[in-house]
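Since the structure comes first, as structure tokens, the remarks are kept for the end.
The values are calculated or read from the model by the stated rules, or taken from the named source; none is laboratory data. Computed from a predicted structure; not experimentally measured. Neighbour counts are summed over all protein chains in view; Cβ atoms, including those assigned to glycine, are modelled from backbone coordinates with ideal geometry. Note: accessible area is taken over every heavy atom of the protein model, side chains too, but ligands, DNA and RNA are not part of it. Shrake-Rupley method; radii C 1.70, N 1.55, O 1.52, S 1.80 Å.
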Amino acid sequence: MRGVRERDRFAWAWAGMKAAVKEEAHLRFHLAAAVVAFAVGGIVGLSRWEWIVLLLTAGAVITLELVNTAVERTVDLVTEEFHPLAKAAKDIAAAAVLVAAGLAVIIGGLLFWPHLR
Ligand SMILES: Nc1ncnc2c1ncn2[C@@H]1O[C@H](COP(=O)(O)OP(=O)(O)OP(=O)(O)O)[C@@H](O)[C@H]1O
């Protein structure tokens, strides 16, 4: 949009983040899991590269959960009737989160295991 100030864009993005956190239990769970992982990372003293991997991994899960939420809202806006394409869109978006979350568990294990054993 023309004439929109950068400050407005940040305000809208922040409003979207607040709405998603308020409405999506899964997003709150992923944020809480990231906070726990960051706390443990601080305690065990992750290296700079380990922090980069952890931040990218947690960021991917949270970002995909936000995109999944946006897909859900968009599908609901288009139709509240049962439609195979609506199901496919929601299920595929959910699968993206599942893949990222599954990989995050494996990566978390690989990162933390050497520090905790
Ligand atoms: N309009 C629709 N047509 C067909 N299937 C749908 C439709 N809406 C939802 N579904 C099916 O129901 C599942 C759950 O949909 P819903 O919108 O409740 O998402 P959700 O994952 O439960 O969302 P939330 O994270 O908000 O709880 C979808 O993954 C999809 O399989």
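When the stretch 1-55 is examined, which residues are found to be open to solvent by less than 90 Å² (accessible area, probe 1.4 Å) and modelled with pLDDT under 95?
If the condition is that a residue be open to solvent by less than 90 Å² (accessible area, probe 1.4 Å) and modelled with pLDDT under 95, then 3, 4, 8 are the ones that fit.
Looking only at the stretch 73-90, which residues are under 28 Å from residue 14 (Cβ atoms) and open to solvent by less than 50 Å² (accessible area, probe 1.4 Å)?
Result: 75, 89.
Do you know which residues across the stretch 91-117 are open to solvent by less than 80 Å² (accessible area, probe 1.4 Å), more than 12 Å from the ligand (Cβ to nearest atom) and either of a type outside the set (Gly, Ala, Ser) or in contact with a Pro (Cβ under 8 Å, 6 or more places away or on another chain) (or both)?
107, 111, 112, 114, 115
Restricting to the stretch 21-62, name every residue that is under 16 Å from residue 109 (Cβ atoms) and acidic (Asp, Glu).
50 - this is the single residue of the stretch 21-62 that is under 16 Å from residue 109 (Cβ atoms) and acidic (Asp, Glu).
Kindly establish whether residue 104 is in a helix (DSSP H, G or I), among the small types (Gly, Ala, Ser) and touching a Ser or Thr at 6+ places or on another chain (Cβ under 7 Å).
Spelling it out, residue 104 is indeed in a helix (DSSP H, G or I), among the small types (Gly, Ala, Ser) and touching a Ser or Thr at 6+ places or on another chain (Cβ under 7 Å).
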